[in-house]
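The values are calculated or read from the model by the stated rules, or taken from the named source; none is laboratory data. Since we're looking at a predicted model, the values are computed, not measured. Methodologically, a virtual Cβ is constructed for each residue, glycine included, from the backbone with ideal geometry; neighbour enumeration extends over all protein chains shown.
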Amino acid sequence: MILNVVSVVVFVVIAGIGLVLTTATGSPAWVVTAAVIGVLAALSPRVAQQWERAVVLRLGRFVGLKGPGLFWIVPFVDVIARSIDQRMITTAFAAEQTLTMDTVPVNVDAVLFWVVVDPEKAALEVQNYPAAVSWAAQTALRDIIGRTSLANLLRGREKIEHDLQTLIDQRSTPWGVTVQAVEMRDIVIPSSLQEAMSREAQASREKQARIILGEAEVEIAKSFETAALSYQNNPTALHLRAMNMLYEGLKEKGALMLIPSSAVESMGMGGMLGAAALQQAQLTGGGGGGEPK
């Protein structure tokens, strides 16, 4: 719209000048000359957006970059070969059924963030720089996957993204393109392998649980050994502990207590067990006033 307005204004101004000269001199040649110049001048202005750079060729040779804003070219001599977008560009790329270093097929999706820093190289050094960047990213991703094991691929995403960015940037720098970042969106492995990895993780957790349980048993045995040494020469403390055990058992109604016979003999729990049984009977009998038989 702006370009059309500028062209019309230029044509009207030059045509007006020609009309004034024709009126002053009385020669109609000024009108024809002004019309031709006006048409040529109307084809000269061009406008580039703030984020664009226009690549101008004059008779097939590069003469410079124009923009942003209004600029002028020589009609029928200068050609705008292309406009280079210098904003951040995102490109999605993927590697399907690519084998890792340990021969596991994976599908990887990633996103590339890149920008054109040298419009001249992007226009003159490569035919289609967006497609070139996309293919370079895809081949680099396949290369990285082939040199990485599945475990490192799943765990070391940050390192892989950094290596991938470096590799793509090395390939695209001669084209005037720099890579800002690479992000891996998804890594898909075969479902059968997912199930196997799940079973392996479950077995590993069970193994760890058994190890922890065994270590707990060892600590408990050491604690009991220490307690036995404390009770060995202190029968009073041993009897108090036995009475405490009976009390803890009687707190629950209907509780069944199993005590080894050796404990009854060594700890003198016979009398205590009789009293405890009598108390338990009274509790379960509802507290009736009858005497035990």
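Remarks
- Condition broken by residue 127, with the remaining ones in (1) part of a helix (DSSP H, G or I); (2) exposed (fewer than 14 other Cβ atoms within 10 Å of the Cβ) satisfied: (1)
- The single condition among (1) within 21 Å of residue 172 (Cα to Cα); (2) among the polar types (S, T, N, Q); (3) part of a loop (DSSP other than H, G, I, E, B) that residue 138 does not meet is (3).
- From 187, 212, 144, 220, residue being part of a helix (DSSP H, G or I) and touching a helix residue (DSSP H, G or I) at 6+ places or on another chain (Cβ under 9 Å): 144
- Residue check, residue 154 part of a helix (DSSP H, G or I) and in contact (Cβ under 8 Å) with a residue 24 or more places away in the chain: yes
- Any hit, the stretch 165-186, residues being aromatic (Phe, Trp, Tyr), out of contact with any strand residue (DSSP E or B) (no Cβ under 7 Å at 6 or more places or on another chain) and not assigned by TED's automatic domain parsing to the domain that holds residue 122: no
- In the set 96, 158, 125, only one residue is within 14 Å of residue 189 (Cα to Cα), at pLDDT below 90 and either acidic (Asp, Glu) or outside the structural domain of residue 174 (by TED's automatic domain parsing) (or both); that residue is 96.
- Test result for residue 92, loosely packed, with under 14 Cβ neighbours inside 10 Å and assigned to a strand (DSSP E or B): yes
- For the stretch 167-185, a residue qualifies if it is closer than 27 Å to residue 154 by Cβ and either touching a residue at least 40 places away in the same chain (Cβ under 8 Å) or of a type in the set (D, E, K, R) (or both), and the qualifying residues are 168, 169, 171, 179, 180, 181, 182, 183, 184, 185.
- Extreme residue, surrounded by the most Cβ atoms within 10 Å (Cβ to Cβ), among residues of the stretch 50-89 that are part of a loop (DSSP other than H, G, I, E, B) and on the phi > 0 side of the Ramachandran plot: 67
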